[in-house]
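Derivation of every value follows stated rules applied to the coordinates shown; laboratory data play no part. A quick note: this is a predicted structure, and the numbers were derived from the prediction, not measured. Virtual Cβ from ideal backbone geometry, glycine too; neighbours counted across all protein chains shown.
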Amino acid sequence: MKNYFDLSGKVALVTGASSGLGVQFAKALAEQGADIAICARRVERLEAVKKEIEALGVKCFAHKCDVLNTDEIREMVKAVEEHFGKIDILINNAGVGDATPSEELTDDTWRNVIGTNLDAVFYVAREVGKVMLKNGYGKIVNVGSLHSEVVMPPGTWPVPAYTAAKGGVKMLTKSLAVEWARKGITVNAIGPAYFGSEMTNDILSTGGFDPVAQAYCPMGRAGKEGELNGAVLYFASDASSYTTGQILYIDGGWTAI
């Protein structure tokens, strides 16, 4: 039986891969045969992740990178290309969260959230895109959010900077997809709801999330580990060869109402 998600012979770069969803994405790609490059700021954590991925029988290359620093991005992309000879897949995952009311939101916090969740998505896609354009092939998967589509209801937690950034990711995905559609590159995005990670653990563990999920998420719960993998593998593989400029919400139906 044909495996439409087979990634044997492909090289995938995952940003923000020192913990959480980035690690899950890297492992999911490795399980389908891709060699993996991982980057993040926390080098000591990257080394531990590297060992976990290599245990799956593929090659893994780790490189420090602060995605707010364009010089470090260029250096990282160059190092990955030199190590593997190409980059076929980009999982543009690095991000930060924030739930500060607008009237209390400082300039520095706004810039950090927008910078990490939107500016850096473009910076990394731009530099990796140059490699993909040269090779005539690429699969870019940006990580958006259900907040690319909707905000939080009144009386819950405010996410003005985060929604602005993730809404931007949705439109950036469409723009890059159109620009590179005839050059062998697809650009899509996933839009997760709330999944357990360093970024969301405070919200999920306080007890305030469950009643909100019961009220606004048709499935009434947060996402579980592994429930994003299918969408990522679809966009990263040739199963999505005629799909570009799309965002797929994995949100338990949250954006359907």
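Going by how many other beta carbons lie within 10 Å of each one, how would you line up M1, M219, fewest first?
Fewest-to-most ranking of M1, M219: M1, M219.
Taking a quarter of the surface of the Cα convex hull of segment 139-257, what do you get in nm²?
Over every viewing direction, the Cα hull of segment 139-257 projects on average to 7.5 nm².
Scanning the chain for trypsin sites (Lys or Arg not before Pro) in DSSP loops with at most 10 other Cβ atoms within 10 Å, what's the longest stretch left with none?
The answer is 3-223.
Using a ≥ b ≥ c from the Cα gyration tensor of segment 68-214 (square roots of the eigenvalues), is it rounded, prolate or oblate, where a/c under 1.5 gives rounded and otherwise the larger of a/b and b/c decides, a/b for prolate?
Prolate is the answer for segment 68-214, as a/c is 1.5 or above and a/b outweighs b/c.
Using a Gaussian network model of the chain whose springs link C-alpha atoms within less than 10 Å, name the residue from E47, E103, E227 with the highest mean-square fluctuation.
Of E47, E103, E227, the Gaussian network model singles out E103 as fluctuating most.
Set the Förster distance to 41 Å, then compute FRET efficiency between A215 and Q246 from the Cβ-Cβ distance, nearest 0.05.
0.90
If you fit an axis through the alpha-carbon atoms of helix 70-84 and take the longest principal axis of the Cα set of the chain, what angle between them do you get, 0 to 90°, nearest 10?
40 degrees
Before anything else, pin down the relative contact order of the chain: Cα pairs under 8 Å, at least 6 apart, normalised by residue count, whole percent.
19 percent
Given the Cα-Cα distance of L56 and S8 and 0.36 nm per residue of separation, how much length would full extension add, in nm?
The L56-S8 span can extend by a further 16.0 nm.
If r is the Cβ-Cβ distance from E225 to R182 and R0 is 25 Å, what FRET efficiency results, to the nearest 0.05?
E between E225 and R182, to the nearest 0.05, is 0.10.
Just the Cα atoms of segment 20-152, one point each, no solvent: what log10 I(q)/I(0) does Debye give at q = 0.13 Å⁻¹?
-0.58
Strictly under 4.7 angstrom between C-beta atoms: which cysteines of the chain have no such partner?
Lacking a cysteine Cβ partner under 4.7 Å: C60, C217.
Once you've got the GNM for the chain with C-alpha springs shorter than 10 Å, pick whichever of N117, N142, N229 has the biggest mean-square fluctuation.
N229
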